[in-house]
1. So which residues in the stretch 83-95 are at pLDDT below 90 and of a type in the set (A, V, I, L, M, F, W, C)?
2. Do we find that G121 is surrounded by fewer than 16 Cβ atoms within 10 Å (Cβ to Cβ), at positive phi and out of contact with any Pro (no Cβ under 6 Å at 6 or more places or on another chain) in this structure?
3. Checking the condition of a type outside the set (G, A, S), surrounded by fewer than 13 Cβ atoms within 10 Å (Cβ to Cβ) and farther than 30 Å from L271 by Cβ, which residue from N176, N154 passes?
4. Identify all residues within the stretch 242-285 that are surrounded by 20 or more Cβ atoms within 10 Å (Cβ to Cβ) and among the charged types (D, E, K, R); write none if there are none.
5. Could you give me the residue pairs with C-beta distances under 6 Å whose first residue belongs to the stretch 75-87 and is more than 16 Å from L19 (Cα to Cα) and assigned by TED's automatic domain parsing to the domain that holds Y44, whose second residue is crowded, with 16+ Cβ neighbours inside 10 Å and charged (D, E, K, R) wherever it lies, and which are 6+ apart or on separate chains?
6. Please state which one of R323, R280 is at pLDDT below 90, under 31 Å from the mean Cα position of the chain (by Cα) and among the charged types (D, E, K, R).
7. Please specify each residue of the stretch 265-285 satisfying the condition of being in contact (Cβ under 8 Å) with a residue 40 or more places away in the chain and either in contact with a strand residue (DSSP E or B) (Cβ under 7 Å, 6 or more places away or on another chain) or in a helix (DSSP H, G or I) (or both).
Amino acid sequence: MASDILSVSQLTQQIKTELETLFPRIRVKGEISNFKRHTSGHIYLTLKDEGAQIPAVIWKNTAVTLQADLRDGLEVIAEGRLEIYPPSGRYQLICSSVAQAGVGALQQAFAVLLQKLSKAGYFSAERKKTIPEVPETIGLVTSSTGAVIEDMGNVLARRFPAARLLLYPVKVQGANAAESVAAALAWFNSQKKGGMRPDVIIMARGGGSLEDLQAFNTELVAEALYRSAIPVISAIGHETDITIADMVADLRAGTPSIAAELAAPDTAQLLKGIDTLLSRQENFVMAKLEGADRQVYSICSSYAFNRPPLEMQQFGDRIDMLRDLMSRNITSRFTEMAGHWFSAARHLELLDYRRTLSRGYVLVKKEGRFMTGKAGLHPSDPVDLVFHDGTLPAVINPGGRS
């Protein structure tokens, strides 16, 4: 029937839907051939074995994250999804990751976690914290036995013996090692400042195989480092060993001994620096004092500074002059007033009635009042006759005589 006839596009679309649904994610092992890196950044290749081959594509955004150096003849393990390309009617593998075969599951897991954490910003330089220059307390997250703790202890004792060391012993490999390390980081961060909370943490272990370092390539430890509010120096393995923990930590050291040197300042250099600062401070203070001394001398020598004492001296001289003038004026006034008083006294003396009485005159006094004429006198009135040397009583005579 005509209704059962499919067009090429319809058939291809049905195959595409069925195939992509059936194989949403697969892993394929094969040898690379026809390897080609396009100018756009995309990579086109063929994966083959003894009996078959399949075309594959690695898009640009995936290609830039690949760790393996891809080339023809290299056996790899590719992970991705199947896709039908309708224009050519063929299927191909769209790769999300490609790793060299034989590297092992740990390296595969390392690559996957590396890519995941990178996208999440765990390795961003902007989030890394500054290591304190002079830490009072240093936390150590490592095994309590072995050369690592001894080497770090020797370096710290030599460089900065004033620092307080806090050891949180952990398992550095094997079962539950990652949990032990994460717990140590979390415990240090839970402590209060001034108690058991360090200013910086050194997380360290010696060298070993990829399996030995696996605890430090886990998301659990990476998360603990990312969440740590305390700066962490990571020193895992040898100089050439790079772990996820090294990349997430705020600072990576090639060895535990180098980590100790990075965490603690050199006491001799500190003391030298303090001497330099003291010398600079002394020179600064002396320069300030000399400048101030010159300024004081300049002020003391200035007219404005010396004017008040000169004016005070002038005021003193003027006060002395006014005092002398006042004294002369008072003396002159006193002499003048004394002359007036003496003249008035003489006039009063001349006007004294007793001087008149001494020349033979008498005053008549009636009822306590001096009589100035006869109008107030009547016959038989008692009166007093006042002489210059005393008083005598008398009576007015009716005949005109007393």
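1. Correct list: I84 only.
2. It is true that G121 is surrounded by fewer than 16 Cβ atoms within 10 Å (Cβ to Cβ), at positive phi and out of contact with any Pro (no Cβ under 6 Å at 6 or more places or on another chain).
3. Selected residue: N176, the only one of N176, N154 that is of a type outside the set (G, A, S), surrounded by fewer than 13 Cβ atoms within 10 Å (Cβ to Cβ) and farther than 30 Å from L271 by Cβ.
4. The one that is surrounded by 20 or more Cβ atoms within 10 Å (Cβ to Cβ) and among the charged types (D, E, K, R): D246.
5. The qualifying pairs are E75/E31.
6. Answer to the selection: R280.
7. So in the stretch 265-285, the residues in contact (Cβ under 8 Å) with a residue 40 or more places away in the chain come out as 265-267, 270.
Hits for the stretch 265-285 are T267, L270.
Conditions tested, residue by residue: (1) small (G, A, S); (2) out of contact with any Phe, Trp or Tyr (no Cβ under 7 Å at 6 or more places or on another chain); (3) at pLDDT below 90; (4) surrounded by fewer than 12 Cβ atoms within 10 Å (Cβ to Cβ).
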site: T21; (1), (2), (3), (4): no, yes, yes, yes
site: R37; (1), (2), (3), (4): no, yes, no, no
site: I43; (1), (2), (3), (4): no, yes, no, no
site: T46; (1), (2), (3), (4): no, yes, no, no
site: D49; (1), (2), (3), (4): no, yes, yes, no
site: K60; (1), (2), (3), (4): no, yes, no, no
site: T65; (1), (2), (3), (4): no, yes, yes, no
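The values are calculated or read from the model by the stated rules, or taken from the named source; none is laboratory data. For clarity, every value in this text was computed on a predicted model and none was experimentally measured. In this analysis, Cβ positions are derived from the backbone assuming ideal geometry, glycine residues included, and neighbour counts consider all displayed protein chains.
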